[in-house]
Amino acid sequence: MLGFLRTDMMYTPHFPAPFQEDTGTGSSRTPSANWSVLIVDDEEPILETLAMIIEDMGLQPIPATNGEEALEAAHDHWPTLVITDLMMPRVDGEKLIVALRQEAQSTGKHIPPIILLTAGMPFRTEHIGATAVLRKPFDLDSLQALIVQLLQEQEQKQRREPREPHT
């Protein structure tokens, strides 16, 4: 039993509808092979489970066990989306979010949507710069739906405001 998941729900890997082929137009909605998700959590079972979900969605997981590792990984491969825990050793989730936003602004990269995972008390996301907050325990289908929603919004935003491709 994993304490961060709702145990009354079973995860069934599936591609969300927005990523399936659109048979009406013949276009594919399969995610770009370049779409990556930076996953940051100091608890190995959470990190492994989230990486599995991201991979099942056809996205590239970039795992990191703390904010310091995450910043190094983001420097090597800028993420399309970030999922981070709040409380971690070395660089916590709040400092990671600030650093990612500063790097994006200073380099002209897009600011990725950020999902903050927390077991603590609720707080306002605008104080920390996260796009969304999920409280632990969370169910995986809700996380997956949120990922799809944020990636769709990010894709639409990038179409309206083209920037240099991220690496």
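Table: residues versus (1) modelled with pLDDT of 95 or more; (2) buried (at least 18 other Cβ atoms within 10 Å of the Cβ); (3) over 15 Å from D41 (Cβ atoms).
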| position | (1), (2), (3) |
| --- | --- |
| M57 | no, yes, yes |
| E72 | yes, no, yes |
| M88 | no, yes, no |
| I111 | no, no, yes |
| P122 | no, no, yes |
| T131 | no, yes, yes |
| S142 | no, no, yes |
| E153 | no, no, yes |
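Only a single criterion out of (1) in contact (Cβ under 8 Å) with a residue 60 or more places away in the chain; (2) assigned to a loop (DSSP other than H, G, I, E, B); (3) not aromatic (F, W, Y) is not satisfied by V37, namely (2). Residues in the range 40-53 that are surrounded by 20 or more Cβ atoms within 10 Å (Cβ to Cβ) and part of a loop (DSSP other than H, G, I, E, B): D41 alone. Scanning the range 90-109 for residues that are of a type in the set (V, I, T) and crowded, with 17+ Cβ neighbours inside 10 Å, we see that the one that is nearest to the chain's Cα centre (by Cα) is I97. Contact map, the range 85-103: first residue at positive phi and touching a residue at least 60 places away in the same chain (Cβ under 8 Å), second residue in a helix (DSSP H, G or I) and charged (D, E, K, R), Cβ cut-off under 6 Å, separation 6 or more or different chains; the map is empty.
Residues in the range 54-79 that are closer than 20 Å to L151 by Cα and part of a loop (DSSP other than H, G, I, E, B): M57, G58, L59, H77, W78, P79. The residues on offer are V98, V91, and the sole one that is closer than 19 Å to A132 by Cα and not polar (S, T, N, Q) is V98.
The values are calculated or read from the model by the stated rules, or taken from the named source; none is laboratory data. Just so you know, these numbers come straight off a predicted model, no measurement behind them. Cβ coordinates were reconstructed from backbone atoms using ideal geometry, including for glycine residues, and neighbour counts include every protein chain displayed.
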